[in-house]
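The values are calculated or read from the model by the stated rules, or taken from the named source; none is laboratory data. What you see is a predicted model, and the numbers here were worked out from it, not measured in a lab. Glycine gets a Cβ as well: all are built from the backbone with ideal geometry, and neighbour counts include every protein chain shown. For accessibility, only protein heavy atoms count, side chains too; no ligands or nucleic acids. Shrake-Rupley method; radii C 1.70, N 1.55, O 1.52, S 1.80 Å.
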Amino acid sequence: DCREILLPTMTDQLKYHLERQEDLEACCQLLSNILEVLYRKDVGPTQRHVQIIMEKLLRTVNRTVISMGRDSELIV
């Protein structure tokens, strides 16, 4: 139930900061942590939550990574 409330707010904030190229390391860490939790088997159904993340953030994340270039320390 918490994810229903928190996930839209968190994805909106991530999108805001990624679009402005602000706090990229913190954004990467937060998105990574969210996806790690959703990947676990013991957290209930997650397909809809992953879909929300994809719809809201995939384009923004792709643009951010492209703009960072290969020499960025955040790209592994």
| said: If the requirement is being part of a helix (DSSP H, G or I) and of a type outside the set (Asp, Glu), which of these qualifies: ARG48, ARG70? | reply: ARG48
| Say we look at segment 39-55 and pick out the residues that are open to solvent by less than 80 Å² (accessible area, probe 1.4 Å) and under 15 Å from ILE5 (Cα atoms); which of these is farthest from the chain's Cα centre (by Cα)? | THR46
| request: Could you tell me whether THR46 is at pLDDT 95 or above, of a type in the set (Ser, Thr, Tyr) and in contact with a Leu (Cβ under 6 Å, 6 or more places away or on another chain)? | output: no
| query | If you go through segment 18-38 one residue at a time, how many are under 11 Å from THR60 (Cα atoms) and surrounded by fewer than 17 Cβ atoms within 10 Å (Cβ to Cβ)? | reply | 3
| query | Quick check, is GLU4 within 12 Å of the chain's Cα centre (by Cα), among the acidic types (Asp, Glu) and open to solvent by 70 Å² or more (accessible area, probe 1.4 Å)? | reply | no
| task | Please work out if LEU58 is under 12 Å from the mean Cα position of the chain (by Cα) and surrounded by 11 or more Cβ atoms within 10 Å (Cβ to Cβ). | result | no
